[in-house]
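Visitor: One structure coming up, written as structure tokens, with questions to follow.
The values are calculated or read from the model by the stated rules, or taken from the named source; none is laboratory data. On a predicted model such as this, the values are computed, not experimentally measured, just so you know. Because the Cβ atoms are built from the backbone with ideal geometry, glycine has one as well, and the counts that use them run over all protein chains shown. Areas reflect the complete protein model, heavy atoms only, side chains present, ligands, DNA and RNA absent. Shrake-Rupley method; radii C 1.70, N 1.55, O 1.52, S 1.80 Å.
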Amino acid sequence: FQNEINEVPFFDIQLPYELAVKIFQYLGKTELGRCAQVSKTWKVLAEDEVLWYRLCQQEGYLLDTSISDYSCWKLALKNCRARERTLKTNWKNRIGAVSQLRYELGKVLCDVHSCDGVVIAGYTSGDVRLWDTRTWDYTAPILEPVHGPGDAGPQPRVSFVKINSSLAVAAYEDGTISVWSLMVGREPIHHYQHNQRIQALALGSEGAAVATASGFEVRLESPNDRGFWQTTETFEIQKLVNFLHLVPDVTGSPVAVAAAEDIIYLLKAEDPGKILHSVYGQPVTCLDVSAHEAAFGVKTFGWLLNEPNQVILYNLETSQCLKKMGNSMGDFTCVNLRHSPPNMLVTGNKDRRVRVFDLRRGESLCSLYAHQLGVSAVQMDDWKIVSGGEEGLVCVWDQRMGTKLWEMHSRHPVRHVWFSAHSLVTANVPDEKTPQGASGTDDDLTAHRKHQGIIHVYEFSVDQPAVESVLPICRSSYDEVTGYNYNIGLAVPYDSI
């Protein structure tokens, strides 16, 4: 037997164990498996925990763990890869638990946003509600508004909601903005007021920075070193803002990108009025921002000058135009740059198509005929695309095959799509907030269910066919006092009698 601690046989020489590990760290899983079959000494070396811990970290598994958390990192990597394959299979075959995040009678959905499985929704009643889908607990708290219960008149309806890992923000129709901390409680930690209606709301993906656009003013709010919120910057621009985003991963003062009709502004403290892009008569139809780039759709003169609509990519550091992509007669309605894989971009268009672009070549990789009334929301990862349409259809596509895996339909347009490796959140938000014949004070439950909008949550880590998932309307028992014809326990009849 060789001295496995100090000396490892490498052909005709003896190497120290530490040096042999450094050589083996350049090998992959397959090569390590082959080396483990050479001899007993090489088997001990090829199954060293340091090597498999590094492989696990390189593939993106268990990033927040240390090497002492598991006794066998080879087995941990194997389990992670098996779990990933199971999730991929569940995605493709629509296996998982589906739930509907509903609210009380008479409240119509206004806006929805989500971050890492936490969903925030704003309603016409002025209520803002949170659901944490990671714990599968849907008894969600209501975030208290600034308007006290003693205020005269009803609360103003919610215009926009945003959420990140630590903050939740809501903008109301009367120009009020409320900021809540997800760690503190239901009371807002900060609020401020605009004199006019708010056109756009943005929240940083990390940290604490809020941007709002009202009238011809864009306002940035963030806490100082002592934690007190204050107005960081106020920008005066020439036109009304349509889209507003905060640039992620910015050190120092927050940086915003605003689209105001046919002008793209890069709003920084040191250069407050910088125009990134401006072509008269060519309005911006959609906008998304990553850490270093901004992508937006431009509506050109179309058939008049035989010039198709395009998606334009700018570098935020150099303010240079990098690529002009697309050749469509329809308007680009949504673009997702932030959540797309590196050097990739996915867009939705009024011509019913979802397009994936390669940013290095500026060419379309695939074009999917998706939705009858145009695409309203889209997101992709390295193998799949999830798109939502104006007709209320949510489609899941295999990107490489260009085929539709499955779809689900609700009445109202899809305004929000978000997914992770194991869950999917979609929101159908009605365009009509005060529908005719559906008063919030009457007991017309059928009309309310028709007009209220809905949020769906899929959990694909649950090994259960979606068609067998019991809907919330079928989970109630017979002992409820306020019941109607939907409150029938169809899952297990007579279980509580």
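Visitor: Checking Arg338 against (1) over 25 Å from Trp418 (Cα atoms); (2) in a loop (DSSP other than H, G, I, E, B): exactly one of these is not met. Which one?
Guide: (1)
Visitor: How about the range 367-424: which of its residues are open to solvent by less than 50 Å² (accessible area, probe 1.4 Å), more than 24 Å from Pro342 (Cα to Cα) and assigned to a loop (DSSP other than H, G, I, E, B)?
Guide: Passing the criteria: His371, Gly374, Glu391, Gly392, Ser410, His412, Pro413.
Visitor: Do we have His194 as surrounded by 17 or more Cβ atoms within 10 Å (Cβ to Cβ), more than 26 Å from the chain's Cα centre (by Cα), modelled with pLDDT under 95 and over 20 Å from Ala291 (Cα atoms) here?
Guide: Yes.
Visitor: Of the residues in the range 197-216, how many are more than 22 Å from His292 (Cβ to Cβ) and open to solvent by 50 Å² or more (accessible area, probe 1.4 Å)?
Guide: Counting residues in the range 197-216 that are more than 22 Å from His292 (Cβ to Cβ) and open to solvent by 50 Å² or more (accessible area, probe 1.4 Å) gives 2.
Visitor: Right, another one. With the structure loaded, tell me whether Glu144 is over 25 Å from Leu105 (Cα atoms), of a type in the set (Asp, Glu) and modelled with pLDDT under 90 or whether it fails that test.
Guide: Against the criterion (over 25 Å from Leu105 (Cα atoms), of a type in the set (Asp, Glu) and modelled with pLDDT under 90), Glu144 does not qualify.
Visitor: Is the range 290-305 home to any residue that is outside any loop (DSSP other than H, G, I, E, B), touching a residue at least 40 places away in the same chain (Cβ under 8 Å) and surrounded by fewer than 22 Cβ atoms within 10 Å (Cβ to Cβ)?
Guide: Yes, there is a match, as at least one residue in the range 290-305 is outside any loop (DSSP other than H, G, I, E, B), touching a residue at least 40 places away in the same chain (Cβ under 8 Å) and surrounded by fewer than 22 Cβ atoms within 10 Å (Cβ to Cβ).
Visitor: OK, next. Looking at the range 256-284, which of its residues are polar (S, T, N, Q) and either open to solvent by 40 Å² or more (accessible area, probe 1.4 Å) or modelled with pLDDT of 95 or more (or both)?
Guide: Ser278, the sole residue that qualifies.
Visitor: Of the residues that make up the range 235-246, is at least one among the aliphatic types (A, V, I, L, M), within 22 Å of the chain's Cα centre (by Cα) and either surrounded by fewer than 16 Cβ atoms within 10 Å (Cβ to Cβ) or at pLDDT below 90 (or both)?
Guide: no
Visitor: Report yes if some residue within the range 319-334 is open to solvent by less than 20 Å² (accessible area, probe 1.4 Å) and under 21 Å from Val218 (Cβ atoms); otherwise report no.
Guide: No, the conditions are met nowhere in the range 319-334.
Visitor: Related question: Among the residues in the range 48-68, are any free of Cβ contacts under 8 Å to residues at least 60 places away in the same chain, surrounded by 14 or more Cβ atoms within 10 Å (Cβ to Cβ) and over 35 Å from the mean Cα position of the chain (by Cα)?
Guide: yes
Visitor: What strands (runs of 3 or more DSSP E) completely inside the range 169-274 contain at least 1 residues that are among the small types (Gly, Ala, Ser)?
Guide: Ranges flagged: 176-181, 198-203, 210-214, 217-223, 256-260.
Visitor: Out of the residues in the range 81-96 meeting the condition of being open to solvent by 10 Å² or more (accessible area, probe 1.4 Å) and hydrophobic (A, V, I, L, M, F, W, C), tell me which one is farthest from Thr403 (Cα to Cα).
Guide: Ala82
Visitor: Scan the range 9-32 and give yes if some residue there is touching a residue at least 60 places away in the same chain (Cβ under 8 Å), in a helix (DSSP H, G or I) and among the charged types (D, E, K, R), otherwise no.
Guide: no
Visitor: Ok, one more. Out of the residues in the range 161-191 meeting the condition of being among the polar types (S, T, N, Q) and open to solvent by 10 Å² or more (accessible area, probe 1.4 Å), tell me which one is nearest to Arg415 (Cα to Cα).
Guide: Among residues in the range 161-191 that are among the polar types (S, T, N, Q) and open to solvent by 10 Å² or more (accessible area, probe 1.4 Å), the one nearest to Arg415 (Cα to Cα) is Ser165.
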